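Quick notes on the structure that follows.
The values are calculated or read from the model by the stated rules, or taken from the named source; none is laboratory data. Just so you know, these numbers come straight off a predicted model, no measurement behind them. Here the Cβ is made from the backbone with ideal geometry for all residues, glycine too, and neighbour counts use every protein chain on show.
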Amino acid sequence: MAAKNFVVGCFDDEAVLFPAVKKVRAAGYKIHDVYTPFPVHGLDHAMGLRETSLHTAGFIYGITGTTTALSFMSWVFTTDWPLNIGGKPHFPLPAFIPITFELTVLFSAIGMVYTFCYLCQLAPGVKKHVFHPRQTDDKFVMAIEVTGKSNAEEIKSFLASVGAQEINEQRAETGWWYGRFDKDDTLINERVTPLNA
């Protein structure tokens, strides 16, 4: 993983953050991510994020569960171990519906949990860089990647103009790694320059 430079701006209110995100995108800066203590309605659209495909994955997992249930019960009752139970047919579809429903829900739920954890890089032992210690407490934090087309000082002054209360520059790994938060702190090189109030 390559370390990248970021300019991090902290906001006290989502009413200031929301228009700031739009202005930062309109100015052409690359937003790495925005961290909020609670969901902000419409922020994903303001950041230009596409709609999640998690519901499509859930449908695929559900169809897999339905197919698995019907295929297995059909094979058991018609081929592997056909039984004559009171003259009932070997393929009693109405009797299969409860089990089919349960397996559909089970496959969807488990599959979507694992897919969500994979997409969000959540797992025991996974460590990601924390841009601000209060980013999920009471601060709204916007991390802007410093690219070849942008300048850190220019981004800092722009963030100050759109209402950021604290601005700093950090160098951090963009991905995730296995480790503990109280170890391997040498991986993070942080240069903090608080905004003068």
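Take the conditions (1) in contact (Cβ under 8 Å) with a residue 24 or more places away in the chain; (2) in the same structural domain as E173 (by TED's automatic domain parsing); S108 misses just one of them, which is (2). Would you point out the residue of the range 91-140, among those that are surrounded by 12 or more Cβ atoms within 10 Å (Cβ to Cβ) and in contact with a strand residue (DSSP E or B) (Cβ under 6 Å, 6 or more places away or on another chain), that is nearest to A3 (Cα to Cα)? Checking each candidate, the answer is H129.
When you look at T56, is it of a type in the set (V, I, T) and free of Cβ contacts under 8 Å to residues at least 24 places away in the same chain, yes or no? Taking the combined requirement at face value, the residue satisfies it. Take T78 and tell me if it is modelled with pLDDT of 95 or more, surrounded by 12 or more Cβ atoms within 10 Å (Cβ to Cβ) and of a type in the set (V, I, T). Spelling it out, it is not the case that T78 is modelled with pLDDT of 95 or more, surrounded by 12 or more Cβ atoms within 10 Å (Cβ to Cβ) and of a type in the set (V, I, T). Screening W75 against (1) without any contact (Cβ under 8 Å) to a residue 60 or more places away in the chain; (2) closer than 30 Å to Q165 by Cα; (3) of a type outside the set (S, T, Y) leaves a single unmet condition, (2). Across the range 94-151, the number of residues qualifying as part of a loop (DSSP other than H, G, I, E, B), modelled with pLDDT of 85 or more and touching a helix residue (DSSP H, G or I) at 6+ places or on another chain (Cβ under 9 Å) comes to 1. Just so you know, in the range 49-69 the residues that are among the aliphatic types (A, V, I, L, M) and at pLDDT 95 or above include one that is surrounded by the most Cβ atoms within 10 Å (Cβ to Cβ), and it is A69. Taking Q170, is it assigned to a loop (DSSP other than H, G, I, E, B) and in contact (Cβ under 8 Å) with a residue 24 or more places away in the chain? It is false that Q170 is assigned to a loop (DSSP other than H, G, I, E, B) and in contact (Cβ under 8 Å) with a residue 24 or more places away in the chain. Against the test of being free of Cβ contacts under 8 Å to residues at least 24 places away in the same chain, in the same structural domain as R134 (by TED's automatic domain parsing) and of a type in the set (F, W, Y), the options F18, F38 yield a single qualifying residue, F38. A46 satisfies every condition listed in (1) among the small types (G, A, S); (2) surrounded by 13 or more Cβ atoms within 10 Å (Cβ to Cβ); (3) modelled with pLDDT of 90 or more except (3).
Residues in the range 11-51 that are farther than 18 Å from E153 by Cα and charged (D, E, K, R): D12, D13, E14, K22, D33, D44, R50, E51.
Conditions (1) in contact with a Gly (Cβ under 8 Å, 6 or more places away or on another chain); (2) touching a residue at least 40 places away in the same chain (Cβ under 8 Å); (3) more than 30 Å from V21 (Cα to Cα), marked per residue:
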{"position": "L49", "(1), (2), (3)": "no, no, no"}
{"position": "T104", "(1), (2), (3)": "yes, yes, yes"}
{"position": "M112", "(1), (2), (3)": "yes, yes, no"}
{"position": "L119", "(1), (2), (3)": "no, yes, no"}
{"position": "L122", "(1), (2), (3)": "no, no, no"}
